[in-house]
Amino acid sequence: MIVNVVGAGLAGSEVAYNLGKRGIKVRLYEMRPKKMTEVHKTGYFAELVCSNSFKSEEITNAEGLLKAEMKMMGSVVLDVAERTRVPSGKALAVDRTAFAREITKIIESVENVEIVREEVIGFDPAEDIWIVATGPATSKGLLSFLEELLGEDFMFFFDAVSPIVSFESIDMNRAFWGDRFGKGNDYINCPLTQEEYEELWKALVEAEVIEMEDFDRKLLFERCQPVEEIARSGKDALRYGPLRPTGLIDPRTGREPYAVVQLRREDREGKFYSLVGFQTRLKWGEQKKIIQKIPCLKDAEIVRYGVMHRNVYLNSPKVLDLFFRLKEHPNVFFAGQITGVEGYMESAASGIYVAYNVYRILKGLPPFRLPEETMMGALFGYIIEKVEGDLKPMYANFGLLPPLPVRVRNKFERRKLFAERAMKAMREFLGKNPW
Ligand SMILES: Cc1cc2nc3c(=O)[nH]c(=O)nc-3n(C[C@H](O)[C@H](O)[C@H](O)COP(=O)(O)OP(=O)(O)OC[C@H]3O[C@@H](n4cnc5c(N)ncnc54)[C@H](O)[C@@H]3O)c2cc1C
């Protein structure tokens with residue numbers, strides 16, 4: 001049977017390489033350079049569309065741990081990144097042209113990989129295996145086909161995400177539970193005094209934003225206003241908008257606070273909470289400073305920063321199974337950013353995971369999830385099983401991992417233990433289930 005891979009980005013390159021070199025026949029479709037996307041500039045595979053950094057290599061950093069696991073599973077992206085690196089402190093940054101050129105050369109030389117430089121605009125989901133790895137800039141032709149296949153409710157076309165913090169980093173001595181007018185206890189409320197509110201407002205008004213294309217601005221702002229824009233419309237705008245205290249009584253004072261930042265649960269286990277109404281275009285450093293101005297969140301661990309940008313991804317918990325395969329069409333898999341993972345390395349990692357299971361299936365073996373103690377296992381499991389409400393793209397972070405058996409206060413020590421546990425779990429898993 002032939003495996004068709006659509007898109008030779010970070011994820012598609014991993015899939016094609018890892019299957020091809022194991023003797024599986026792969027047909028890899030890439031539409032560039034014949035048809036370009038809005039963000040890519042060359043015809044190379046695995047082109048980096050923005051930063052040339054793959055972030056940290058330290059395993060006490062979530063991105064570093066992800067890389068260590070990818071290395072254990074065999075990653076062409078990581079291998080080439082290490083060979084084309086440029087000096088960048090503790091981060092792994094690459095010469096982007098050398099990196100993409102080398103990946104292209106390697107994949108072109110894998111015997112079992114046939115390369116077809118064409119846009120795919122549809123396929124028969126019952127024939128052969130299809131792995132769609134077309135990323136955030138999936139072509140319009142293919143999008144129409146996917147919408148028809150899945151139903152338009154199962155696809156998202158933009159991200160307007162508020163920052164997300166871990167529950168354990170919220171100061172619950174100051175915050176209080178409760179919905180407006182005592183109708184339930186689902187929200188965490190972070191009260192602000194007038195002075196704290198004004199300080200937060202000022203920081204929001206002065207903060208630096210990431211500029212966006214006019215098209216994106218129109219598309220996004222029609223749906224929801226960034227928090228900094230609301231702040232700019234007047235000093236009280238937030239207090240009468242997303243930060244209104246109406247119907248929220250602080251049990252410590254018996255009164256409504258001056259303003260309230262509400263936090264809404266993001267996952268079934270209650271490990272993550274997002275700041276209600278805080279969708280934003282602020283730069284990440286600015287977001288951190290601003291969140292720390294909210295007294296209940298002054299030590300908050302931000303597991304995901306807010307963004308507003310165009311994107312394309314599936315409502316994966318609804319349409320995919322744990323192996324990133326369509327529930328309705330088990331010959332069709334997805335990999336990369338289109339599954340709801342976010343980031344270069346996360347996309348590449350999902351490509352390895354999908355390739356691993358497609359390989360197993362083709363060898364007559366059952367597919368496997370990766371251990372949930374690993375960063376890869378936790379991230380992919382989160383996307384399919386743990387999200388409450390609509391999926392918001394997620395990158396690697398320690399908050400995804402199951403808690404340690406003992407509470408460790410020191411952050412560095414805690415991360416070291418997480419990393420050691422993850423590496424051990426991955427080693428044992430691959431020892432038992434090699435490929
Ligand atoms: C503007 C922008 C900036 C980003 N910056 C960063 C960043 O700095 N750091 C970071 O970690 N992540 C960043 N990301 C997020 C993301 O992780 C990357 O986009 C990553 O490249 C996704 O990998 P992928 O393999 O899923 O998709 P891609 O790498 O985009 O690969 C998809 C491939 O599919 C091809 N394709 C699309 N449609 C078709 C079709 N119908 N037929 C055939 N081929 C097709 C495309 O040409 C492309 O080569 C950014 C995303 C965007 C949109």
Some residue of segment 307-316 being without any contact (Cβ under 8 Å) to a residue 40 or more places away in the chain, more than 15 Å from the ligand (Cβ to nearest atom) and part of a loop (DSSP other than H, G, I, E, B): no
Would you mind finding the one in E346, E328 that is open to solvent by less than 50 Å² (accessible area, probe 1.4 Å) and on the phi < 0 side of the Ramachandran plot? E346
Just one of the numbered conditions (1) in the same structural domain as L238 (by TED's automatic domain parsing); (2) within 13 Å of the ligand (Cβ to nearest atom) is not true of Q279; which one? (2)
Looking at G364, G336, G389 in this structure, which one is crowded, with 18+ Cβ neighbours inside 10 Å and assigned by TED's automatic domain parsing to the domain that holds A137? G336
Residue check: is F176 without any contact (Cβ under 8 Å) to a residue 60 or more places away in the chain and either buried (at least 19 other Cβ atoms within 10 Å of the Cβ) or under 26 Å from the mean Cα position of the chain (by Cα) (or both)? no
Filter result (among the aliphatic types (A, V, I, L, M), open to solvent by 50 Å² or more (accessible area, probe 1.4 Å) and under 22 Å from K363 (Cα atoms)) within segment 1-57: M1
Return only the number of the condition from (1) open to solvent by 10 Å² or more (accessible area, probe 1.4 Å); (2) farther than 30 Å from G277 by Cα; (3) of a type outside the set (F, W, Y) that V132 does not satisfy. (1)
Select from segment 347-365 the residues that are of a type in the set (F, W, Y) and within 16 Å of the ligand (Cβ to nearest atom) and list them in ascending order. Y353
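The values are calculated or read from the model by the stated rules, or taken from the named source; none is laboratory data. Model, not experiment: these values are computed from the prediction. Methodologically, a virtual Cβ is constructed for each residue, glycine included, from the backbone with ideal geometry; neighbour enumeration extends over all protein chains shown. The area values use the complete protein model at the heavy-atom level, side chains included, leaving out ligands, DNA and RNA. Shrake-Rupley method; radii C 1.70, N 1.55, O 1.52, S 1.80 Å.
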